[in-house]
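Everything below concerns the one structure shown next.
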Amino acid sequence: MKRKFLAITMVAAVLMTGCQADQHAESSENIENAEESFSVEQMNQKMLDKAGSLPKSNSLYFENGLEITGLGVTYDGRPTAFDGCYYFPAIEALTGAHVAIDWQEDDGYSSAVATTLLSDKSGLPDILNPTGFGVMDLADDNLIVPLDDYMDLMPDIIEAVGEDRMDAWKASDGHIYTIPSVSTIQGSFSMMIRQDWLKALNMEVPKTWDEWLTYWRGVRDRDLNGNGDTTDEVPIALAESADGERSLTLLLNAFGIAASNDTQFCVLEDGTYTMVYEHPRYPEFLKAVTGLYEEGILVEGYEAFSYASIEEMMGNNTLGSTMTFAASGAQTETLRQNGIEDALWLSVAPVMGPYGDQMIPERELVSPVWCITAGADERGKVEDIVRFFNWCYTDEGARLYNYGIEDVSYTIENDSPVLDKALVADGFEDYRAVGINYEPFGGFWLQDAYMQCLFSGKTRDHLTDIQAETYNGLFVVNNGFYYTQPQTIESAGYVQYRTSLITEGVCKLRDRAIRGEISQEEFWSGYKALKEKGLNQIITDGDMYYQSMMSGGVGE
């Protein structure tokens, strides 16, 4: 069933049609629209005041109430920031469900879960975020409930996930164990390049591998930031993971390797699920990136770059190119504020490799958030909890999650919800500070709300050049190049050998080879030894589970 509300949100009306934001500014008398008078605290209080008096939902209401307890993980101090926001009181008024989550910061979450799991099943909360333990470990210990038998109770979640993304929802044994968070925004990352540095090099945007090499060498050899030092420019920086597993995603893609998020797994053309080191192009990739390091295009310390350090380099006038979040306009603003008036970080198509490969990972559109525990099953609450989460994906639930409360944080204009212009004046910051798009809890994030925040309520025709580049990165230059990253299948072998053979094994060998500390032959010899110690089991188990998922079955 195609619903009117979703049809409205998917057209990104704020950018593509009309002047809804302008109409909103003129007609919404009940909302403070002047940016200078906007207050997060006042908006939060208005939403709280309205939340408790919302009428009962016509689609779901627990007349006798429903208590849902949980243990959840959050980031960046959000438990404090979100105490007392509108979201959960509004949910309770609408559905009769009282949601009480024990929020733990990410650095202590694993310990909190471990302590919780020491209790018997009756002592488990109703829902549990699997972060730090993994879905399969919890499933193998019968601590969480498979949801396959409850699919008829979650039609709205299934519709949001979509048939083409069902595999991303499944665990490695083919079962579904999680309540997901779903996004409708395919784009997230983009290749970005300094337009003013291209001009200084008398170059157009690179389109081939050789043209990219020419640009990177120009950044390396020329004092493009004009500080008199020809050694501080960084041709390319790519974000790596803290544990060293995820590495050089963009360059793997340029060699035709569509890797998993941790860059350890891929699916070959014949449908075999395996490790990236088994891909026929991996030897050429490894030689190429080793050459880039020898040339000084990949700089010393490349393996330690984070998104935060890349953003710093983008703003301090030392970086020539990167693949990062398309919404990185603040770095151009910083350059301009520092006197580089013609600076612009340009969103461009992914790097084309030497064999014509071009691709970029799409946003993780389906991500696991909650497992329903064996404790909830003992208490006979599973069906009601599933029904509650499905309500969160209905038109009513999705609107509450994406827009807040009507006539407080948004109004209806031409049958579409329009966020308070002052609320989104700074993008996502105030929008999230009042509890909208409550990420730690998860939900169905709609493209229209995302766009209104991203461009501060402006129409497409009124974007600045910086905002236009964000739009291009998300919706234009990468179209046709997206791929869905294959899962990292957490088989028994993976759980047993990941740290010793992947994190501390092949990934360390890879980086040593790239840095020239060992030869290519020594890398392959070391990799062969690691396969004999257990990587072969990871590869075999992963492919078995993958083929089972592809055939619609369940791994044994």
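Close amide-amide hydrogen proximity is noted between PHE305 and GLU240, each under 5 Å apart and 5 or more residues distant or on a separate chain (H modeled in the peptide plane; Pro and chain starts excluded).
Could you order peptides 247-259, 164-176, 52-64, 341-353 by the average number of other Cβ atoms within 10 Å of their residues, highest first?
247-259, 341-353, 164-176, 52-64
In terms of the Cα gyration tensor, with a ≥ b ≥ c the square roots of its eigenvalues, is the range 478-526 rounded because a/c is under 1.5, prolate because a/b exceeds b/c, or oblate? Here the range 478-526 falls in the oblate category.
Can you work out the accessible area per residue across the chain, with the rest of the protein chains kept in place, probe 1.4 Å, in square angstrom?
Values: 23010 Å² over 556 residues.
For the chain, the per-residue accessible area is 41 Å².
In order along the range 544-551, the Karplus-derived 3J(HN,Hα) couplings, from 6.51 cos²θ - 1.76 cosθ + 1.60 at θ = phi - 60°, round to 4, 5, 5, 5, 5, 5, 5, 8 Hz, and Gly and Pro are given as x.
Restricting the range 126-208 to GluC sites (Glu not before Pro) that sit in a DSSP loop and have at most 14 other Cβ atoms within 10 Å of their own Cβ leaves GLU204.
Give me the percent of accessible area attributable to carbon and sulfur for the range 215-341, probe 1.4 angstrom. Display every interim value, and only then the final one.
Working: 2190 of 4780 Å².
Of all accessible area on the range 215-341, carbon and sulfur atoms account for 46 percent.
For the pair ASP167 and ALA468, label points projected 7 Å from Cα toward Cβ lie 3.9 nm apart. Just the number, please: carbon plus sulfur as a percent of the accessible area of the range 378-417, 1.4 Å probe, no ligands or DNA/RNA counted. Here carbon and sulfur together make up 34 percent of the probe-accessible area.
In terms of Cα to Cα distance under 19 Å, which aspartates and glutamates are near enough to LYS528, apart from those fewer than 8 places away along the same chain? Straight-distance partners of LYS528: GLU245, GLU278, GLU284, GLU504, ASP511, GLU517, ASP541, ASP543. Under the shape rule built on the C-alpha gyration tensor, where the axes satisfy a ≥ b ≥ c, the range 323-429 is oblate, since a/c reaches at least 1.5 while a/b does not exceed b/c.
Ignoring aspartates and glutamates fewer than eight residues from LYS121 along the same chain, the ones with Cα atoms less than 13 angstrom from its Cα are ASP141, ASP377, GLU378.
Each residue of the range 130-135 is assigned a 3J(HN,Hα), and the resulting list reads x, 3, x, 10, x, 4 Hz, derived from the Karplus form 6.51 cos²θ - 1.76 cosθ + 1.60 (θ = phi - 60°), x at Gly and Pro.
Taking a straight Cα-Cα cut-off under 19 Å and skipping sequence neighbours fewer than 8 places away in the same chain, the lysines within cross-link reach of LYS199 are LYS207.
Amide H contacts of MET191 (H built 1.01 Å from N, in plane; Pro and chain starts excluded): VAL348 sit under 5 Å, all sequence-distant by 5 or more or on other chains.
Please sort by residue number the trypsin sites (Lys or Arg not before Pro) in the range 180-221 whose DSSP state is loop and whose Cβ has at most 10 other Cβ atoms within 10 Å. Each step should come with its number before you reach the end.
Values: sites: ARG194, LYS199, LYS207, ARG217, ARG220; in loops: LYS207.
Loop-located and lightly packed - none at all.
Stretching ASN414 away from GLU439 to a fully extended chain increases their span by 6.2 nm, per 0.36 nm per residue minus the current alpha-carbon distance.
Does the chain come out rounded, prolate or oblate by the C-alpha gyration tensor, with a ≥ b ≥ c the root eigenvalues, rounded set by a/c under 1.5 and, if not, prolate when a/b is larger than b/c and oblate if not? Oblate, because a/c is 1.5 or more while a/b does not exceed b/c.
Computed 3J(HN,Hα) for the range 366-375, one whole-Hz value per residue from the Karplus formula 6.51 cos²θ - 1.76 cosθ + 1.60 where θ = phi - 60°, is 10, 10, x, 10, 10, 10, 8, 8, 5, x, glycine and proline marked x.
Considering only alpha-carbon pairs that sit under 8 angstrom and 6 or more positions apart, the relative contact order computed for the chain is 25 percent.
The values are calculated or read from the model by the stated rules, or taken from the named source; none is laboratory data. Values in this document were obtained by computation on a predicted structure and should not be read as measured data. Cβ sites come from the backbone with ideal geometry, for glycine too, and all protein chains shown count toward neighbours. Each accessible area value is taken on the protein alone, full model and side chains, heavy atoms only, with ligands, DNA and RNA left out. Shrake-Rupley method; radii C 1.70, N 1.55, O 1.52, S 1.80 Å.
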